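What follows is a set of notes on a single structure, which appears directly below.
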Amino acid sequence: MTRGLRISAVAVLVSALVCASCTTEQQQPTAGTPVDGATGSAPGLGWTLTPSDVGIDGGQFRDPVQGSATDSTESGSISDGSTVVTLVGRLDGRDIADATLVGLDIADGAVRWRTPAEDIIGCGEEFVDGRIVCYRGNAGTRSQILTVDAESGEPTTRDAAFPITNLTTSDGHVYTSRAVDEGDRATVSRGTADDLDADWSVQFDSATSSSMHFASTLHTAHGIGLYDDDRGVFAFDLDTGENLWSRTTPSCARSGTAARDGTVRVVRTDCSDPKAVTGSEIVDTDGTVLAATDSVTLQQPTFDAPSEGTPLLLGTGGYRPSNPDPVWTDDSLVWTVAPDVAGPAATFLATNGLAYAVTDSVALLRNNDTATEWAIDLDTGTTLWSRESGRFAEVGALDGDVATLFGPEVLRGIDVRTGSTVWDIPVATFDDEGIDRQSWPMFDRVDTDSIYTRALSISVLRAT
């Protein structure tokens, strides 16, 4: 990384010292400057910082949402459009030493504060009342809530009223699930950091008991709540906690993920073996099954933004609501299992589809074995374009037909309908040690800015 592309560590340290005991004034962001080696209409660089710049020599950036108790290998940040909060620490195997939450001014990258963050299990994805909300302890009988003020970095710790298994935040509320005692039902609550069940607590008729030791997840994405305990999926209303629909015995399910239109992809499983896939379905917010298939092929795009009226991608075909027969099918949408592959590896390949994004009426797919990526028209199932591609990436944002692809070695914009590259930024511009080949970067859109976090750099990109 060239010196001209990042704020100097001295300037950042001075800024942090000046503002350590005062309220930060809102800074106006400057326009981005062209990035060396960028092509086309690439966004410019607002600022870039390294772990050393924020006070942790030899450290790496990590996603606060994933916590600091163990190394998630995922970079990331949380922002309210003014303050950017990231986690940084030194790695020792799967442990993170000197774990620290750092608050940065999104306008110029100035360090506002640093707060110790050891043993955090996870944090909410959104600020609540101007604070980051995290928790410690998800085993045994005690948990703690840690909040950090976004302006000052002042931490506050209090004991939670019950042992927490999951925590997330959405629209100014804190959502938690609690440990299930033998004979009890799974419970999800909504409240504040000071009173976790102030608004409501709801129990779900889960088939899982505490002796089964299945991990659970809690999500509040795209206007719907989802609780998943590996035996059942429960959708709930974010305002009331009302159970909107569920999939549990005798129709077990796992891995409910919400698309941007609020529909949910559900993986159906064998109740006697949660790892055995029996099919999948897409469920509307009221519980209506829009499409279902007995195919064991699972399409689980990480960016799922279908347009209304477009056939739904499920299994190896496109389905229209209420029609049990696919509009089109394509068996190439799943990995090919070689004759010499068996056991868990063969099961993984046979059940994991190749779609990594759905954007309007287009699905983007990638086959790493053949180093090929392509796009299909969901209305017809026809291939729009295909090309060689040996670099794995995901979609981080969509601007019209231009999708931002990001990955360990990729940061570019492509036209999803033609496959043409609209812009490209060499990731070595941010850091050139290649460490992200063993970890995962993150791209987040915050208003008009984009936050690109890697293991060794955090950057803000904006229009030039």
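The values are calculated or read from the model by the stated rules, or taken from the named source; none is laboratory data. Everything quoted here is computed from the prediction, not taken from an experiment. Cβ atoms come from the backbone with ideal geometry, glycine included; neighbour counts cover every protein chain shown. What goes into the accessible areas is simple: the full protein's heavy atoms, side chains included, and nothing from ligands, DNA or RNA. Shrake-Rupley method; radii C 1.70, N 1.55, O 1.52, S 1.80 Å.
Things worth noting here:
- When S450 is tested against (1) in a strand (DSSP E or B); (2) open to solvent by 40 Å² or more (accessible area, probe 1.4 Å); (3) not aliphatic (A, V, I, L, M), exactly one condition is not met: (2).
- In a residue-by-residue description of region 162-172, the property of being open to solvent by 60 Å² or more (accessible area, probe 1.4 Å) and within 26 Å of S450 (Cβ to Cβ) applies to at least one position.
- Count of residues meeting criterion [surrounded by 15 or more Cβ atoms within 10 Å (Cβ to Cβ) and out of contact with any strand residue (DSSP E or B) (no Cβ under 6 Å at 6 or more places or on another chain)] in region 288-299: 1
- Test for A9: is it at pLDDT 95 or above, more than 25 Å from E125 (Cβ to Cβ) and small (G, A, S): no
- Restricting attention to region 268-287, the residues being open to solvent by 20 Å² or more (accessible area, probe 1.4 Å) and either farther than 15 Å from A258 by Cβ or touching a helix residue (DSSP H, G or I) at 6+ places or on another chain (Cβ under 8 Å) (or both) number 10.
- Every residue from region 120-156 that is surrounded by fewer than 16 Cβ atoms within 10 Å (Cβ to Cβ) and of a type outside the set (V, I, T): D129, G130, A139, G140, R142, E154
- Of the residues making up region 235-268, those that are over 24 Å from the mean Cα position of the chain (by Cα) and closer than 23 Å to A350 by Cα are S251, C252.
- Looking only at region 308-337, and only at residues there that are assigned to a loop (DSSP other than H, G, I, E, B) and closer than 21 Å to A350 by Cβ, the one that is most open to solvent (accessible area, probe 1.4 Å): T336
- Where a residue in region 23-47 is within 24 Å of V422 (Cα to Cα) and its partner, wherever it lies, is among the basic types (K, R) and modelled with pLDDT of 70 or more, with Cβ under 7 Å and at least six apart: A31/R462; G32/R462; P43/R462; G44/R462; G46/R462
- Residue list for region 12-61, restricted to those being touching a Gly at 6+ places or on another chain (Cβ under 7 Å), small (G, A, S) and either at pLDDT 95 or above or within 22 Å of G153 (Cβ to Cβ) (or both): G44, G46, G59
- Set side by side, the residues R254, R260, R265 differ, and just one is basic (K, R), closer than 17 Å to I224 by Cα and open to solvent by 50 Å² or more (accessible area, probe 1.4 Å), which is R260.
- Any hit, region 433-442, residues being among the charged types (D, E, K, R), touching a Pro at 6+ places or on another chain (Cβ under 9 Å) and open to solvent by 60 Å² or more (accessible area, probe 1.4 Å): yes
- Matching entry among D92, D98, D71, D108 (being within 30 Å of T33 (Cβ to Cβ) and either of a type outside the set (V, I, T) or touching a residue at least 24 places away in the same chain (Cβ under 8 Å) (or both)): D108
- Residue count for region 363-415, restricted to those that are part of a loop (DSSP other than H, G, I, E, B) and either open to solvent by less than 40 Å² (accessible area, probe 1.4 Å) or of a type outside the set (D, E) (or both): 14
- Any hit, region 196-205, residues being within 30 Å of T310 (Cβ to Cβ), open to solvent by less than 60 Å² (accessible area, probe 1.4 Å) and at pLDDT 85 or above: no
- One residue stands out among those in region 101-119 that are closer than 21 Å to T448 by Cα and among the small types (G, A, S): the one that is surrounded by the most Cβ atoms within 10 Å (Cβ to Cβ), which is G103.
- Hey, R231 touching a helix residue (DSSP H, G or I) at 6+ places or on another chain (Cβ under 9 Å) and surrounded by fewer than 16 Cβ atoms within 10 Å (Cβ to Cβ) or not: no
- Scan of region 52-80 for residues that are open to solvent by 20 Å² or more (accessible area, probe 1.4 Å) and either of a type in the set (S, T, Y) or farther than 14 Å from E125 by Cβ (or both), ordered by number: S52, G55, D57, G58, Q60, A69, T70, S72, T73, S79
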